[in-house]
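Colleague: I'd like to ask you about the structure that follows.
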Amino acid sequence: RILIIDFGSQYTQLIARRVREAGVFCEIHPWDISGADMQAFAPSGVILSGGPESVTTGTPPRIDDRVFQLGVPVLGICYGMQTMAAQLGGQVETSDHQEFGYAEVRARGHTQLLKDIEDRTTPEGYGMLDVWMSHGDRVSELPSGFKLMASTESAPIAGMADEDRRFYGVQFHPEVTHTVQGQRVLERFVHGICGCGDLWTPGNIIDELIDSVRRQVGSDHVVLGLSGGVDSSVVGALLHRAIGDQLTCVFVDTGLLRHQEGDQVMATFARHMGVRVIRIDAEQRFLEALKGIDDPEQKRKIIGGLFIDVFDEEASKLSNARWLAQGTIYPDVIESAGSKTGKAHVIKSHHNVGGLPETMKLGLVEPLRELFKDEVRRIGVELGLPREMVYRHPFPGPGLGVRILGEVKKEYADLLRKADHIFIEELRKHDLYDKTSQAFAVFLPVKSVGVMGDGRRYDYVVALRAVETIDFMTARWAHLPYDFLDHVSRRIINEVRGISRVTYDISGKPPATIEWE
Ligand code: XMP
């Protein structure tokens, strides 16, 4: 296993993902982790991330020097390399040539890390690497024991190595895809230098998770709030395999779910997999609570609060439940840790419906705490969940409640469900579903005039929204083909009585958010 030390770079999570892709387990810990904790983690190697600070000014974050006495390989990336240089007796200076973006690195192929890894060879026999750089500082003097490993025009020391101690530093970012050979460099480090095998595969992960859940809960009973989303579904499937009848799921049907979503959850879990699922039909309660409310934040609070109430009521009836399972995944954990160290910039705060009912004295079971979304999905497929469920677009906790602008009414939810279903069905049929990151319809409570046959219609409007994004923090509206949009619009207007006009949302994020509320 690899220990990744976070100095606050936006790319730290990417390093972890790449290491996991190489089949090696890793964890991210903040830069002020103690020497004892590092030792307790028992890593086979350590990676020091980049970061926004400068080693030449103020009181820069330093990793406990004991990292260099663990006897395991250390790879410093960008700031990680600079602090390694400074802490081991080298020099770092603020460069007048800052470098951001593409760069060409001349790699001397004589180190274990970069040997035979190159994009092309120069006539003089140097290997050249196309890489992604972003730095203001540079190492100006190697620490003793180190030799030069790579250089660029503006950073004569763009890589350094002490092969006896197996310490390496690179000024560029191997974790980003713009660094063409980046994955090979990281694989060389974790496999070739640290000696880790590629054991982090879905099958092995599942076996390990099952073992640890069994150890944690013993013969106790566990309750899980199933939402139909990917994370809680995968937890459900995993726990079912791990503890079978000791699991009870509670599925709250808020009346704000997508077309036939409740039936699908029941079909998959209860009928197909034999999981014990209690379905609570709470549509009336939700609609009642939302009556007359049109402020988005208030709607979110009401939906979130009521969800917990209903779940809490049901879970408390299970007198034997000792544990509450949750679909927390690794990015959730890192985000809240990031805000604690104050170094990583927290970009998005979580606003999930659910959360821990405080009155219930239950222990927490969070088997996916160490996994990234793509790993969760792969495990889900391996556990036998339908692909369409596992690779579904994200759906917000408050559901259709934030896609019906203003007051939520059953009539609106029913119209929206139909329109949304047509849109999604057509995306799938035209092989566009997996090419968009998220797509849905939004209900606009305004009426517009139309004609149909000889009659006049005065009906509601829906907007279609489809975006492409990697991280949901920024997004581009999906440039869906006109003919496709035309087809979807016709179907909605013809098939959904009550809707007479369809519009397409062409706003990017920022400034527009993905959801309308
Ligand atoms: P926005 O609208 O903020 O959405 O651009 C970004 C992503 O987050 C989802 N989203 C939510 N998810 N509860 C959730 O669980 C919420 O209140 C919520 N609001 C937005 C949204 O669907 C998109 O994927």
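Colleague: Are there any strands (runs of 3 or more DSSP E) wholly within the range 1-87 with 3 or more residues that are within 28 Å of Gly203 (Cα to Cα) and of a type in the set (A, V, I, L, M, F, W, C), and if so which?
Modeller: Values: elements: 2-6, 26-30, 45-48, 74-77.
Output list reads 2-6.
Colleague: Only one of (1) under 21 Å from Val176 (Cα atoms); (2) touching a Lys or Arg at 6+ places or on another chain (Cβ under 9 Å); (3) assigned to a helix (DSSP H, G or I) fails for Leu129. Which number is that?
Modeller: The one condition Leu129 does not meet is (3).
Colleague: For Gly136, indicate whether it is outside any loop (DSSP other than H, G, I, E, B), in the same structural domain as Val67 (by TED's automatic domain parsing) and surrounded by fewer than 18 Cβ atoms within 10 Å (Cβ to Cβ).
Modeller: Details: outside any loop (DSSP other than H, G, I, E, B): yes; in the same structural domain as Val67 (by TED's automatic domain parsing): yes; surrounded by fewer than 18 Cβ atoms within 10 Å (Cβ to Cβ): yes.
Spelling it out, Gly136 is indeed outside any loop (DSSP other than H, G, I, E, B), in the same structural domain as Val67 (by TED's automatic domain parsing) and surrounded by fewer than 18 Cβ atoms within 10 Å (Cβ to Cβ).
Colleague: So in the range 378-419, with the set limited to residues that are more than 16 Å from the ligand (Cβ to nearest atom) and on the phi > 0 side of the Ramachandran plot, which one is farthest from the chain's Cα centre (by Cα)? Walk me through how you get there before you give the answer.
Modeller: Restricting attention to the range 378-419, the residues satisfying the condition of being more than 16 Å from the ligand (Cβ to nearest atom) are 378-390, 406-407, 409-415, 417-419.
Cutting the leftovers down to on the phi > 0 side of the Ramachandran plot gives us 384, 406.
Details: Gly384: 22, Gly406: 30 Å.
Filtering first and then ranking leaves Gly406.
Colleague: Taking strands (runs of 3 or more DSSP E) that do not extend beyond the range 420-517, which have at least 3 residues that are on the phi < 0 side of the Ramachandran plot and within 16 Å of the ligand (Cβ to nearest atom)? I'd like the intermediate steps shown before the answer.
Modeller: Numbers: elements: 438-452, 455-468, 499-504.
Fully inside the range 420-517 and qualifying: 438-452, 455-468.
Colleague: Across the range 274-303, what is the number of residues that are touching a Gly at 6+ places or on another chain (Cβ under 7 Å), in a helix (DSSP H, G or I) and either of a type in the set (D, E, K, R) or under 19 Å from Val250 (Cβ atoms) (or both)?
Modeller: Going through the range 274-303 one residue at a time, the tally reaches 4.
Colleague: Residues Glu411, Glu425, Glu495, Glu515: which one is surrounded by 15 or more Cβ atoms within 10 Å (Cβ to Cβ) and at pLDDT 95 or above?
Modeller: On the way: Glu411 fails: surrounded by 15 or more Cβ atoms within 10 Å (Cβ to Cβ); Glu425 fails: surrounded by 15 or more Cβ atoms within 10 Å (Cβ to Cβ); Glu495 fails: surrounded by 15 or more Cβ atoms within 10 Å (Cβ to Cβ).
Going through Glu411, Glu425, Glu495, Glu515 in turn, just one is surrounded by 15 or more Cβ atoms within 10 Å (Cβ to Cβ) and at pLDDT 95 or above: Glu515.
Colleague: What residue, of Thr83, Thr111, Thr94, is in contact with a Ser or Thr (Cβ under 8 Å, 6 or more places away or on another chain) and surrounded by 13 or more Cβ atoms within 10 Å (Cβ to Cβ)? Spell out the reasoning first.
Modeller: Working: Thr83 fails: in contact with a Ser or Thr (Cβ under 8 Å, 6 or more places away or on another chain); Thr111 fails: in contact with a Ser or Thr (Cβ under 8 Å, 6 or more places away or on another chain).
The conditions single out Thr94.
Colleague: Have a look at Ile293, Ile329 and point out the one that is away from the ligand (no atom under 13 Å from the Cβ) and in contact with an Asp or Glu (Cβ under 7 Å, 6 or more places away or on another chain). Walk me through it before giving the result.
Modeller: Values: Ile329 fails: away from the ligand (no atom under 13 Å from the Cβ).
Only one candidate qualifies: Ile293.
Colleague: On to the next question. For residues that are in contact with a Cys (Cβ under 6 Å, 6 or more places away or on another chain) and modelled with pLDDT of 95 or more, tally how many sit in the range 225-245. Break it down into steps so the answer makes sense when it comes.
Modeller: Going residue by residue through the range 225-245, those that are in contact with a Cys (Cβ under 6 Å, 6 or more places away or on another chain) are 226, 236.
Among the residues that remain, those that are also modelled with pLDDT of 95 or more are: 236.
So the answer is 1.
Colleague: Quick check, is Met84 touching a Pro at 6+ places or on another chain (Cβ under 9 Å) and assigned by TED's automatic domain parsing to the domain that holds Pro143?
Modeller: Working: touching a Pro at 6+ places or on another chain (Cβ under 9 Å): yes; assigned by TED's automatic domain parsing to the domain that holds Pro143: yes.
Judged against the criteria, Met84 is a match.
Colleague: Right, next: Failed condition for Val265, given (1) assigned to a loop (DSSP other than H, G, I, E, B); (2) crowded, with 20+ Cβ neighbours inside 10 Å, with all others met?
Modeller: It fails just one condition, (1).
Colleague: In addition: Quick test for you: out of Asp37, Asp64, Asp119, pick the one residue that is among the charged types (D, E, K, R) and touching a residue at least 60 places away in the same chain (Cβ under 8 Å).
Modeller: Details: Asp37 fails: touching a residue at least 60 places away in the same chain (Cβ under 8 Å); Asp64 fails: touching a residue at least 60 places away in the same chain (Cβ under 8 Å).
Within the list Asp37, Asp64, Asp119, the selection yields Asp119.
The values are calculated or read from the model by the stated rules, or taken from the named source; none is laboratory data. All figures in this text were calculated on a predicted structure; none of them were measured in a lab. Ideal geometry is used to build each Cβ from the backbone, glycine not excepted, and the neighbour counts take in all protein chains shown.
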